[in-house]
Amino acid sequence: MQQNMILNLLSSFPRIIELCHQFPHGITDQVIQNDMPHMEAQQRAMAINRLLSMGQLDLLRSNAGLLYRIKESQNASKMKGSDNQEKLVYQIIEDAGNKGIWSRDIRYKSNLPLTEINKILKNLESKKLIKAVKSVAASKKKVYMLYNLQPDRSVTGGAWYSDQDFESEFVEVLNQQCFKFLQSKAEAARESKQNPMIQRNSSFASSHEVWKYICELGISKVELSMEDIETILNTLIYDGKVEMTIIAAKEGTVGSVDGQMKLYRAVSPLIQPTGLVRTPCGLCPVFDDCHEGGEISPSNCIYMTEWLEF
């Protein structure tokens, strides 16, 4: 047990450092809690204290409470001995954060020749200061970011992509299991024989509860975040199977963000939806942005094409 706790503690160090790079102005304990909900408060405190004692973080005070920020001396020492052109390229990549930047955009921002940029990029990669990551948005192109950053989900596709392929079966399994959990909550509430208001309130579950249930099932080979689970729950909302409400929550409550908590419950429609609502347009979240000639339009809508073929 003690050994597992130490291993979990050590594995959290790189992620906390990475969060500090993503939020250079500093992070709060709430940010760490939301990103690593499996870590207990005592473990978070031990990890932060250890990083502070190692001189990797600075402790600051703000209106939001205590802030933890990466030591600036660390960033400065990385580029020691580099020329001005290399420092410029590194700064451009650092400013791009964990979404990365294409070499074409580096060229545009630095006004350096492409041959010189390629030479600098290879040099920075060899020093393990930056890395190249393939983007799901353009499989033949690479984006560059700092070596210790975890790519943003817009680059990798998050948990829903494997080797740039969309895992539709995995998403469907998660969809079914999340709905099954909420259905069981609703059924247990009905069987409690309480008054209707108590039944309704007890049928709700927080995204943290759903996330914990999915983690305990062990059906995912990758580590899922609460944001991933909320994405799945949103698809259930669009399907009309689930409804969401937001309530006020005490600061520090597990699953809360900025004093608010999202609650979900399974619902059954009173009547069958009309034919229009069953079309993709009836449930489309970007309906207002859809128009002919635009980036989103009926002529290039894959959902409309699939629906018509069905």
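The values are calculated or read from the model by the stated rules, or taken from the named source; none is laboratory data. Predicted model, so just to flag it, every value in this text is computed and none were measured. Every residue, glycine among them, receives a Cβ derived from its backbone with ideal geometry; neighbour counts consider all protein chains shown. To get the accessible areas, we keep the full protein, side chains included, count just its heavy atoms, and leave off ligands, DNA and RNA. Shrake-Rupley method; radii C 1.70, N 1.55, O 1.52, S 1.80 Å.
Using a cutoff of 8 angstrom between alpha carbon atoms and counting only pairs six or more residues apart, the relative contact order for the chain works out to 11 percent.
Net charge dipole, the chain: roughly 960 debye, given to the nearest 20, about the Cα centre with Cβ charges of +1 for Lys and Arg and -1 for Asp and Glu. Sequence neighbours fewer than 8 away in the same chain don't count; with that in mind, list the lysines whose C-alpha is under 19 Å from LYS180. Reachable lysines: LYS212, LYS241, LYS262. What aspartates and glutamates does LYS122 reach when the alpha-carbon gap must be under 14 Å and sequence neighbours fewer than 8 apart in one chain are set aside? The qualifying aspartates and glutamates are GLU86. Each 20 Å bin from zero up to the one holding the largest Cα-Cα distance in the chain carries the following percent of pairs: 24, 52, 23, 2.
Accessible area per residue for the chain is 64 Å², calculated with a 1.4 Å probe on protein heavy atoms, without ligands, DNA or RNA. Within the accessible area of the chain, the carbon and sulfur atoms contribute 53%, probe 1.4 Å, all protein chains present. The order of LYS140, LYS131, LYS119, LYS241 by accessible area, most exposed first and with a 1.4 Å probe, is LYS140, LYS119, LYS241, LYS131. Within 10 Å of each candidate Cβ there may be at most 11 other Cβ atoms; applying that plus a DSSP loop requirement, which GluC sites (Glu not before Pro) in segment 189-238 survive? Hits after loop and neighbour filter: GLU223.
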